[in-house]
Each structure stands twice: as structure tokens, then as C-alpha cells.
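The structure under discussion appears below in the form of C-alpha cells.
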Amino acid sequence: MHIELENVRKSFGPKHVLNGLSLKVEKGKSLVVIGGSGTGKSVMLKCILGILQPDSGSIKIAGENAVGLRGEARDKFLARFGMLFQGGALFDSISVWENVAFGLMQGRHTPRAKAREIAMEKLVLVGLSADVGKLYPAELSGGMQKRVGLARAIAADPEIIFFDEPTTGLDPIMADVINNLIVDCVKRLGATTISITHDMASARKIADDIAMIYKGEIIWQGPAKMIDRSGNPYVDQFILGRADGPIKMDVLKA
Ligand SMILES: Nc1ncnc2c1ncn2[C@@H]1O[C@H](COP(=O)(O)OP(=O)(O)O)[C@@H](O)[C@H]1O
Ligand SMILES: [Mg+2]
């Protein structure tokens, strides 16, 4: 298994966010995690990356423990990952190419000229002209910013990529363009990926496997083509987008 989480728990004070979450992703496969807002999806990714420390449970990457790494071990670990954050998270004060090349220059000490060359290549791969590299993030449309975020995520040819809601805030056509780019880039790299989305069209497009998170646990995982026949009422309610069903919105309970 390339990525394996077992019984991971994470609370913030009295708030239990991950409640014994377990999942597995095989090397080169794409897992899409679906689930409502606030169910712990981003917290799960942050625990894998060590941005947050799980309270208990095990996280393994290619069989090696990923929890509690420090110093050089942590730098080496992070160098294996690319990440497209929710909302893009580009740095406003540096140019587009510097954003793409940031991890290459900071984390890997790639010389500036070489990093710039790689950044320009990656921009072209995501369908932007190299001219865009000189612009600043604020000068770009939402769809272009997502492309830049994707170029940054793949800049160092990572073995694992996380996509946190890559299409949120895009119109359906631009979302489909980004999904196609994700599929192409991931195939080209042979990377293992975890993507988070609440958009089922995206999930169906990107996923080999789909997992549904509910209240900090994975309540169903299976091949994407089985999602319509999961036999799980929570999954059915989610994919059909129904207000009625076993998932109760907290607002309705209040
Ligand atoms: N650093 C934090 N401190 C306290 N609470 C947090 C923190 N990060 C996330 N949470 C809470 O954990 C829950 C799950 O958050 P998150 O994983 O971001 O949800 P989502 O599934 O929408 O990505 C939310 O209720 C959120 O408020
Ligand atoms: Mg989130």
C-alpha cells in the first residue's frame, strides 16, 4: 500500500473531528474522498502531511511511519508530496512562475534559473502560455489561478499529490477542464493521489476509488464505478443531494 491510515483520531478540545479513520490507497491509484463540509477532510490531509499531529492511530507512506517526523526526516518526507490547496493559496506578492517554482527553490535548493525553466514547462503543461509566468496571481482569473496551483503541485514531479477541492468555485466547464488536466498530469507522473471534493461529477472523472467520510470516519470505500450501487444510504443521500436521509444537517437539529 502506498498510503495507509489506520484508526486515526484527532480532536480539537472537546470537538472530535477524526474518529478512527482508516483508508488505503495503492501505488499509482487515485482515491477521491467525498463528504459534507466540516466532516474532517482537510484535517485528514493535514494529519498525513504532519501539519497537524493525530492524537492516535497510524499513518504510513510506502510502509514507513509518517507521524511525528522532525527536521531532515520531515523535509525528505514532504519532498515526496505535491499539494493543491483549497482556494489555490498562491502567494500574492511574488510572480506566477515564482509561485510554481517556490518548492523547488526553497525545499530542494534548485538554482533560480533552472527552477524558472521548470516552472515555465509546467505552466505550458497546464495549458498556460509561458508569458503568464511574469504576471502576479491577482491578474489571473479563478480558472487560471487553479492551473497555476496545479502547476505548482506537480512542479517537483512528486510521487503523491493531494488535491483539496480543486474545482470549488469554478463554473462546471472550467471544473471539467481542471479535472481533465488533473487526470492527464497524474497519469504522466504515475503519481498516487488523494482528492477531496463534494462535486460528484469531479469524483467520477478523477477517481479509481471513492471513499465517503462522515463524522470523521470512512463509512464506505469502493471502486468509483460501484458508487451508484454502494448499498449505503449515507452514500446514496450524498450523491443524490437529498435533504432527507440518514445524514442530518446540524443546522436542522438546532
Ligand atoms: N486547527 C483547528 N482548530 C480547531 N478546529 C479545527 C481546526 N481545523 C479544523 N477544525 C475543525 O474541524 C472540523 C473539520 O474541518 P475540516 O477538515 O477543515 O472540514 P472539511 O471536511 O470541510 O475539509 C471543522 O469543524 C473545523 O472547524
Ligand atoms: Mg476542507
Revision key, fill the gap. Checking the range 155-251 for chymotrypsin sites (Phe, Trp or Tyr not before Pro) in a loop per DSSP with at most 11 other beta-carbon atoms within 10 Å yields none
Point to revise | Leading residue at positive end of dipole, the range 52-176 (Cβ point charges), from P172, P158, G142 | key: P158
Exercise for review: Report the one residue of L69, G231, N99 whose Cα lies farthest in the direction of the positive end of the charge dipole of the chain (charges on C-beta: Lys and Arg +1, Asp and Glu -1; origin at the Cα centre).
Suggested key: L69
Review point. Taking the Cβ-Cβ separation of A201 and L69 as r and a Förster radius of 30 Å, what is the calculated FRET efficiency to the nearest 0.05?
Key: 0.25
Exercise for review: Work out, step by step, the length gained on full extension between S58 and N19: first 0.36 nm times the residue separation, then minus their alpha carbon distance; give nm to one decimal.
Suggested key: 12.8 nm
Review point. Dipole of the range 85-157, Cα-centred, from +1 at each Lys and Arg C-beta and -1 at each Asp and Glu C-beta, to the nearest 20 debye?
Key: 140 debye
**Study point:** Sequence-separation-based contact order of the chain, relative, with Cα cut under 8 Å and 6+ spacing, percent
**Key:** 24 percent
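Bear in mind these aren't lab numbers, they're just calculated from the coordinates by the rules spelled out. The structure displayed is predicted, hence computed values, not measured ones. Every residue, glycine as well, gets a Cβ built from its backbone with ideal geometry; the counts of neighbours run over all protein chains shown.
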